[in-house]
Amino acid sequence: MSSNLCAVDFGTSNSAIAVCSGGQVVMAPLEGKACNLPSAIFYPEDPAEPVLIGRAALAAYTAFEEGRLLRALKSVLGSSLMQAHTEVAPGRSMSFEAILTDYLVRIRQRAEQATGMRLDKAVLGRPAFFVDDDPLRDQQAQQSLAEAAGQAGFRDIAFEFEPVAAALSFAHGESAPFLALVADIGGGTADFSVIRWRDQQRDILASHGVHVAGTDFDRRVSLDRIMPLLGLGATNANGRPVPASVYRDLATWHLVNGLYARKSRAALHEHREMYGSKQHQARLQSVLDQRLGHQLLAQAEQAKIEASEQGEHRMLLDDVERGLSQTCTREDVERVIEADLTAIAEAAQVTLRLASVQPQAIDKLFFTGGSTGLRRLRDRISAVVPQATHVEGERFESVGFGLGLAALQRWS
């Protein structure tokens, strides 16, 4: 077995690399002992300072270090943004393709340093659909990722569907026969597969997915609980509704940075009377001037998790305005993401139909992906196959491990 073989799980929210050696798959440590790494990169304004990735990138941003944070880079695949340039430091711009490549270079180097191997042959994961209902853009998204991976130093590249990889991870080491629905719900997509395992053989009967997941939930919570504090839904002095586009961008991980440009902030200041009351205007201007957009989305993400688990969470927004806060309850989260959950549950049902399998025939339901920690999401998927026994995977590593198994199968 070649020691340069690996698998890359490049996710919207988190990434991981599995290394294949001696017929075994091992997850590579990418940050300390952690084998999963937030898909985030931070470019400091001072070119003498190092570029940061992962948790260090998020920490630099939340500590208000001068620089540019980018998250959810996978979301730009299949869009016109891939070739667009964005400023990462004063006087320096990069295309999103180059930024994505830079991130892949850095996680590859970390995996090589951790394992002592040269990693240049890789299976990359991909969702069932990068882009829903547009096969051409979906293929373009995969091609863009392949090109970025090639530029990052991976000379031999193959792709495997992430829900199939999750199914391989689930089946690994199993002996008893089963028929399972695999639910892989991450930051960007909700993917499903149906797997039949018997006589030590696996059959992937169907895979399907929808481009709805954790970052969409964050967006819903932000628009419902945070953005109204900045003026969303209000009327201005002329009695007209406040323009909503700036708030939608502030609530979307990969669009936030576009609002920080001097031109955007100046335009908002010039037309500030369009944005509700003076208090709303001041808050919105403060968010843009201090570049608090990602921080607010992180608050929404935390509220989504904490409210779902504890019943209620209070977001402290003192950086926007001293003493400003907002409460988010479990009911708030469930209300705003209900339509998304319906779309995800329908995707599970479609997967069963594509597999020609009746719901009652499924005896195991395998959960993996960061968003499967949400109770309401699990309940909606469980209702699709109510007789199935639940099995828990490694939320941030099952897909990467399964991709490693796919790499072994492909090149062994």
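The values are calculated or read from the model by the stated rules, or taken from the named source; none is laboratory data. Predicted, not measured: the structure shown is a model, and the values here were computed from it. Cβ atoms come from the backbone with ideal geometry, glycine included; neighbour counts cover every protein chain shown. Accessible surface areas use protein heavy atoms only, side chains included; no ligands, DNA or RNA. Shrake-Rupley method; radii C 1.70, N 1.55, O 1.52, S 1.80 Å.
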- prompt: Looking at this structure, is Ala60 among the aliphatic types (A, V, I, L, M), at pLDDT 95 or above, over 15 Å from Thr12 (Cα atoms) and surrounded by 16 or more Cβ atoms within 10 Å (Cβ to Cβ)?
  reply: no
statement: Of the residues in the range 363-387, those that are open to solvent by less than 40 Å² (accessible area, probe 1.4 Å) and outside any helix (DSSP H, G or I) come to Leu365, Phe366, Phe367, Thr368, Gly369, Leu374, Val385
Any hit, the range 201-212, residues being touching a strand residue (DSSP E or B) at 6+ places or on another chain (Cβ under 8 Å), outside any strand (DSSP E or B) and among the polar types (S, T, N, Q): no
Every pair of residues 6+ apart whose Cβ atoms lie under 7 Å, when the first sits in the range 254-270 and is surrounded by 12 or more Cβ atoms within 10 Å (Cβ to Cβ) while the second is part of a loop (DSSP other than H, G, I, E, B) and among the aliphatic types (A, V, I, L, M): His254/Ala72
message: Among the listed residues Gln360, Gln326, identify the single one that is loosely packed, with under 15 Cβ neighbours inside 10 Å and either of a type outside the set (A, V, I, L, M) or in contact with a helix residue (DSSP H, G or I) (Cβ under 6 Å, 6 or more places away or on another chain) (or both).
response: Gln360
- prompt: In the range 287-313, which residues are open to solvent by 20 Å² or more (accessible area, probe 1.4 Å), in a helix (DSSP H, G or I) and free of Cβ contacts under 8 Å to residues at least 60 places away in the same chain?
  reply: Asp289, Gln302, Glu306, Gln310
task: Give the range 66-94 a look and list any residue that's within 24 Å of Asp218 (Cα to Cα), open to solvent by 40 Å² or more (accessible area, probe 1.4 Å) and not polar (S, T, N, Q), or say none.
output: Leu81
- prompt: Can you find even one residue in the range 28-42 that is buried (at least 23 other Cβ atoms within 10 Å of the Cβ), part of a strand (DSSP E or B) and free of Cβ contacts under 8 Å to residues at least 60 places away in the same chain?
  reply: yes
query: Name the pairs: first residue in the range 230-243 and farther than 12 Å from Arg272 by Cα and free of Cβ contacts under 8 Å to residues at least 40 places away in the same chain, second residue part of a loop (DSSP other than H, G, I, E, B) and of a type in the set (A, V, I, L, M, F, W, C), Cβ to Cβ under 7 Å, at least 6 apart or on different chains?
result: Leu232/Val242; Leu232/Ala244
